[in-house]
1. Pairs to check: LYS654/LYS710; LYS726/LYS859; LYS597/LYS726; LYS560/LYS582; LYS586/LYS726. Give those whose C-alpha atoms are more than 26 Å from each other in this structure.
2. Where Rh is the Kirkwood radius over the Cα pairs of segment 557-600, the temperature 25 °C and the viscosity 0.890 mPa s, what D in µm²/s does Stokes-Einstein return?
3. Around ALA391, under 10 Å between beta carbons, what's the net of Lys plus Arg minus Asp minus Glu among the other residues?
4. Tell me the net charge near LEU268. Cut-off is 11 Å between Cβ atoms, LEU268 excluded, with +1 for each Lys or Arg and -1 for each Asp or Glu.
5. Where Lys and Arg each count +1 and Asp and Glu each count -1, what net charge lies around LEU127 among other residues with Cβ under 13 Å from its Cβ?
6. Amide H to amide H under 5 Å from ASN389: which residues, 5+ apart in sequence or cross-chain, H placed 1.01 Å off N in plane?
7. Quick one: if you stick a label point 7 Å off each Cα along the C-beta vector at GLU481 and ASN787, how many nm between them?
Amino acid sequence: MLFRGLILAVSVAFLAFVFVLMDVLAKAGLDARLMWIIGAMVTGVAIVAVAALALSARWRNGGHAELGPLVAGLARSDIGVALIDAYGRTIYANPAFPHKLGIEPGSDMLSALEARLSFLGIGNDDLAELRTRAMRGDGGQMFVDLSRSEKFEQSDQNDDPVSDEAKEKAKDADGSVPASGACLRIAVTAANARAGQMLWTVDGVDASVMADAGASLLLPSENDLPSFALSAPQGPEMVGNLPVAAAAGGFELADQMIERLPVGVCGLDEEGRILYLNRRLASWLGGEPEEFNNGTVELADLIVGDGINGEVKFKVNGGDPIRCFVTHSINAPGTGPIRSQAVIFPDPMPAHEWEHALAETERRVRWFFDESPLSIVLADMSGTVTDANRAFIDTAGQNHDKVVGRSILELILPEDRDEVARYLSKAVMGMGKGGQIEARLVGARGVAAQIYLQRVAGRSGEAGALLLNFLDTTEQKNLEEQFAQSQKMQAVGQLAGGVAHDFNNLLTAMIGFCDLLLSRHGPGDPSFADIMQIKQNANRAANLVRQLLAFSRRQTLQPKIINITDALAEMSNLLRRLIGEKIDLKVSHGRDIGLVKVDPGQLDQVIINLVVNARDAMAGEGGTLTVQTSTEIVDEPTATGTEVIPPGDYIGIKVSDNGIGIPKDNLTRIFEPFFSTKQRGEGTGLGLSTVYGIVKQTGGFIAVNSEEGKGTTFTIYLPRYEATEKELAETQAVAEEAPSRDLTGTGAILLVEDEDAVRTFGARALRSKGYDVLEANNGENALEVLNKTDKTIDLVISDVVMPGIDGPSLIRMLREQKPELKVIFISGYAEDTYRDELDEENGVHFLPKPFSLKDLATKVKEVL
């Protein structure tokens, strides 16, 4: 417009000048032909000058005909675009920017947006974070659903109401129409980091993706859906001091603004050919705008390779490619030759620095990934493993190549796959961000792990991925199983011990009275056989009670120093009779086997029980049973099933067979009392539990290895005992001592027992051996009996557990008056339970129930 006005003014002035000049010359009397020649020459010069000025203006403007569609396209775009400086002032904004945000157009639209979000109570902090990142030269985006605010109101007034067809398309699955324009993506990119200029864009997204954190699926509306506003609806024109408006004659300012923008701008036709390119972009590409504006150069010809998420490399004439970020918008058909426009932002970091920083970042991430002590697996949304770190490879015990490319479910034991599959499906479908689950991994180790799952959102256009952390809990699970097993064994042991105590009282009376009857009814008596039958069944019951006590580790042991080799040699004949002719027995002794301190009878029971089990496992076709001894040195704690063997020197006893083996599911239960895989009536279920109890009470350990169809091996670890010369001499003397002796005697004995049957039998048995017996049914009664008698008591035989004053308390009271008083405690519980109360050096001894007449008489004879 300025140049047009100037040309018009010059033309009018020149015509006036020519008219005045002709009048002056006419008055001066010059020749008329000469005046017309001079006038023609001056007029020609003027015409040439005006033409030159017009052409110059035309060249400087660059042709508004081509720029008009580009500016019009930005003005009609439904994606809001605004260029804002470091102070928050709006340099440029198209009408869609304030329209979509529901704010008034003006010079400070960013502050208006902050005020609106603050009023609605959503997203204000995120917007401030985006602004800060853009000022640092970074970029970012945020998603806002304004309809979630209670203060949000949908605009009732709209210039372009939504058609019924558009509403029908916008319906959700449940039939409801989502809030139009309420779901927005607000993005910012640093346009000029040094100047602090930022390019802001705003567009609508589908409401269905708002619940998916990190979603970046952009769904621009094809229809002009109603906007939302706090005040009256916006007009189509920009107002205030915005440089671009829809008013006629604004192309010059638009041209200047676009040429001076710190970003590259280009307009494209339908085929992607460049119709307009600003000088900024041309300078980056190493040329002039005229070299690219001829309509023969395609934008794709200037790009090196494939771009990713808007990041591309542009060719540079005579230089290395430059990295840029490209945003793109498309005009509606029929708006002119320019069908689309692109805005190009330069990478603020030089290429070599960017590549170095990227390489350094990748190195650090890879270092963190590979060296992390936590097992990490990356998978795509289909559950296929894309990468796994070194910790996971070590934990799973597999090669990296065999893990990558496989489904996560293939790394899980089949028993746990269904639950893990449901867990992964929920995460993939967006029903939960993540969580944790327990599962076991395939492999020989059978690793148990806690799996922590996190769904990682992908960048724009990407589906995302799954991040799985595996925490090895195998040791923790083993400890939990050991604790549960020990708790269960302890509970059953307490029950068994209590039952055995009460049952021992009954058996003591039964066996004792049988002995009294047998003393009067000899082998020739008709009642002898019946009495022996009663006693034999009572002894069988006593053996069953001993097994219960052995399992509960409450039986009374009589440990002796023995040589395992000699003990097994003595048992070999018995073992061969037990296993039968179909089974071959092999006994192998190690060299320099040391001594152990165990109860010989209980050790025999352990070996016999294991041999009988091995025999039953080979009952069908026979086989080979091997008993082997060896010296075992354990240097560090060793796990054997649910047991952990501490370091030390042990004597190992292995009992192996090649029978049917033990199923894996039963290995954890074989030591439980009354658990048996035999047919009903073929076993008590106490064989292995008795072995376990005896071995543990002796201070040893037992381990089992079995494979179905190949056989089973039980290994017993007994602590090696270093005996002194004195202990060896005493052991030899006991072995040479004659077993027969006279059991009669004299002396006064106080018998204190709350069970009437046991007390009656004991009194009669001792009297039959020549002793003077006083009876009492509890501690208080014992004190009364002693106060009434003038006899000198030589020995007190007392039960331990009694109502009122118990046995140990009674003995302490009696020893206050007679410290040298000798005592024998009798009880159905084990000696270990009262070891603190026993002191054999001071005359306190123990006799376990059930006992026979001979056992009682022998013990009394030893003490007196």
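1. On the way: LYS654/LYS710 16 Å; LYS726/LYS859 24 Å; LYS597/LYS726 15 Å; LYS560/LYS582 35 Å; LYS586/LYS726 35 Å.
Over 26 Å apart, Cα to Cα: LYS560/LYS582; LYS586/LYS726.
2. 206 µm²/s
3. Values: positive: ARG390; negative: ASP370, GLU371, ASP394, ASP472.
The answer is -3.
4. Values: positive: ARG273, ARG339; negative: ASP269, GLU270, GLU271, GLU298.
Spelling it out: positives minus negatives among the neighbours equals -2.
5. On the way: positive: ARG116, ARG131, ARG133, ARG185; negative: GLU114, ASP125, ASP126, GLU129.
Around LEU127, the surrounding residues sum to 0.
6. Result for ASN389 returns ILE376.
7. 6.2 nm
Readers should treat all values here as calculations from the given coordinates under stated rules, not as data from a laboratory. Just so it is clear, the model here is predicted, and its values are computed rather than measured. Every residue, glycine as well, gets a Cβ built from its backbone with ideal geometry; the counts of neighbours run over all protein chains shown.
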